[in-house]
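Scroll down for the structure; my scribbles are underneath it.
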Amino acid sequence: MNPTINTPLDLPCGARLSNRLCKAALTEGLADPMNRATPELETLYRRWSLGGAGLLITGNVQCDRTHLERPGNVVIDNNGGLDALRSYAQAGRTAGNHLWMQINHPGRQTPKSVNPNPLAPSAISLDVLGDNFGPPREASEAEILDLIRRFAHVAVVARDTGFTGVQIHGAHGYLVSQFLSPLSNTRTDAWGGSLGNRARFVLEIVRAMRAGVGADFPISIKLNSSDFQKNGFTNEEAAQVARWLQEAGIDLIELSGGTYEQLVMLGSGKEDEAAQPARESTRRREAYFLEYAALIKPQVTVPVMVTGGFRTRAGMNDALGSGATDVIGLGRPFCTDPEVANKLLAGTVDRIDAYELTKKLAADAPIPDGPPGLRQQIESFGQLGWFCLQNIYLGQGLEPDTEMSVWDAYNRYGENEARTAGRMIRPGATVS
Ligand SMILES: Cc1cc2nc3c(=O)[nH]c(=O)nc-3n(C[C@H](O)[C@H](O)[C@H](O)COP(=O)(O)O)c2cc1C
């Protein structure tokens with residue numbers, strides 16, 4: 001019989017997911033000033049756990065406090081807080097679901113307020129409007145080896161504190177994805193050039209993690225099915241990397257796409273870009289990356305999860321039934337309704353409209369005129385901020401504020417990030 005969202009799934013390492021719905025990683029920004037877990041994270045994840053998804057993946061947890069995706073990230077780099085992590089893991093497993101920690105290093109996609117001179121495979125600046133990201137410097141070989149050890153260290157801490165698996169963030173233009181893309185990796189040593197060299201970083205991370213956590217602990221990766229950028233990491237390259245990842249012992253490959261330069265993971269992106277994932281057939285099938293997963297899925301036996309754009313129960317069951325994916329990843333729907341998985345599984349909800357709602361709110365937003373592209377950037381980041389703020393409210397025990405305008409969200413989110421950055425205790429500072 002064809003699988004549906006209600007069907008359990010066994011993973012290569014022996015772990016079992018109780019159903020095919022996963023809350024994909026959603027950055028929370030709820031860590032304390034030392035980037036440790038907090039009671040707000042416990043509240044948020046207890047709500048999500050009770051919400052019914054077989055698998056919850058945490059927002060990206062960083063492996064180095066000097067390199068953050070945003071100021072309120074949780075970090076594991078000998079900054080203490082192990083008891084807080086244990087409480088967080090326990091809360092996130094309240095309903096007996098799997099809870100995997102997503103592990104990341106942002107590379108050049110780190111806000112200037114956190115680090116004005118980030119680390120990256122090559123010294124190539126991010127091509128986005130505004131002045132939010134500093135010019136990166138090229139990582140030395142010693143730094144690359146240290147980064148691999150850091151990813152593996154975080155995985156071991158995740159296992160030891162009660163998380164039931166880990167996920168490497170290899171998508172969306174962060175460090176691992178920067179290594180994979182020939183646009184951001186122009187190195188001429190063993191870590192750049194050919195696809196084999198560009199993939200060396202992530203494959204070494206998988207090997208180091210597997211050695212640290214053992215054979216029966218799930219290790220997943222979130223990988224771009226393509227960067228959707230001219231001369232970037234392609235769909236064909238993603239299929240090859242997926243095969244190598246399988247050989248290295250990955251348990252689940254989550255497919256997404258895009259970077260900060262091309263925000264297709266959220267269904268937008270530069271209109272003039274040739275490589276858009278919005279083919280007519282993809283639109284019909286609602287999820288953004290199913291067409292691109294179709295090239296990769298037949299080439300691996302390891303389970304695949306596709307994330308981005310799923311909005312109807314029928315669309316999810318069709319995708320599972322046709323063999324296009326094994327797990328359905330959902331992001332934004334969990335920000336406006338932590339119970340959404342239970343409702344989908346029980347069949348009491350057919351359609352989720354959170355994404356359409358913010359698109360409408362963005363279209364109505366009183367965004368001031370500016371240089372070309374500014375409106376689109378504010379709309380995209382305003383919508384992202386809108387969802388980030390909902391997670392903060394959920395963590396505070398409040399209900400989502402779905403009336404908030406996207407322009408308000410853009411401003412409120414900016415203020416929130418500045419406040420959080422201002423409270424941060426930087427590494428090396430004396431703590432009383
Ligand atoms: C508020 C917000 C935070 C996100 N944080 C992360 C993250 O930490 N790691 C990650 O891999 N993806 C992150 N994403 C991307 C989502 O996991 C997902 O790929 C994207 O939202 C598309 O899925 P959806 O259409 O179901 O929302 C984030 C998305 C949103 C909206």
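The values are calculated or read from the model by the stated rules, or taken from the named source; none is laboratory data. For clarity, every value in this text was computed on a predicted model and none was experimentally measured. Here the Cβ is made from the backbone with ideal geometry for all residues, glycine too, and neighbour counts use every protein chain on show. Ligands, DNA and RNA are excluded from the accessible area calculation, which covers all protein heavy atoms including side chains. Shrake-Rupley method; radii C 1.70, N 1.55, O 1.52, S 1.80 Å.
For the reader, a short list of remarks on this structure follows.
- Members of region 198-236 that are within 11 Å of residue 248 (Cβ to Cβ) and open to solvent by less than 10 Å² (accessible area, probe 1.4 Å): 199, 202, 205, 206, 209, 219, 221
- Residues considered: 365, 354. Of these, the only one that is of a type in the set (Gly, Ala, Ser) and within 27 Å of residue 20 (Cα to Cα) is 354.
- Every condition in (1) touching a residue at least 12 places away in the same chain (Cβ under 8 Å); (2) of a type in the set (A, V, I, L, M); (3) over 22 Å from residue 168 (Cα atoms) holds for residue 41 except the one numbered (3).
- Once region 368-402 is narrowed to residues that are aliphatic (A, V, I, L, M) and surrounded by fewer than 19 Cβ atoms within 10 Å (Cβ to Cβ), the residue that is nearest to the ligand (Cβ to nearest atom) is 398.
- The set of residues in region 218-264 being without any contact (Cβ under 8 Å) to a residue 12 or more places away in the chain and outside any loop (DSSP other than H, G, I, E, B) consists of 247 alone.
- Residue among 51, 107 that is open to solvent by less than 10 Å² (accessible area, probe 1.4 Å), within 18 Å of residue 136 (Cβ to Cβ) and in contact (Cβ under 8 Å) with a residue 12 or more places away in the chain: 107
- Condition check for residue 421: assigned to a helix (DSSP H, G or I), surrounded by fewer than 18 Cβ atoms within 10 Å (Cβ to Cβ) and of a type in the set (Gly, Ala, Ser): yes
- For region 135-155, the criterion of being outside any loop (DSSP other than H, G, I, E, B), in contact with a Cys (Cβ under 8 Å, 6 or more places away or on another chain), of a type outside the set (A, V, I, L, M) and within 16 Å of the ligand (Cβ to nearest atom) is met by at least one residue.
- Residue list for region 65-84, restricted to those being under 16 Å from residue 27 (Cα atoms) and either surrounded by fewer than 21 Cβ atoms within 10 Å (Cβ to Cβ) or more than 11 Å from the ligand (Cβ to nearest atom) (or both): 65, 67, 68, 71, 72, 75, 76
- Residues of region 172-199 that are part of a helix (DSSP H, G or I) and more than 14 Å from residue 261 (Cβ to Cβ): 175, 176, 179, 180, 195, 196, 197, 198.
- Residue in region 313-360 that is nearest to the ligand (Cβ to nearest atom), counting only those that are open to solvent by 20 Å² or more (accessible area, probe 1.4 Å) and of a type in the set (S, T, N, Q): 336
- Residue check for residue 348: farther than 21 Å from residue 403 by Cβ and either among the polar types (S, T, N, Q) or part of a strand (DSSP E or B) (or both): yes
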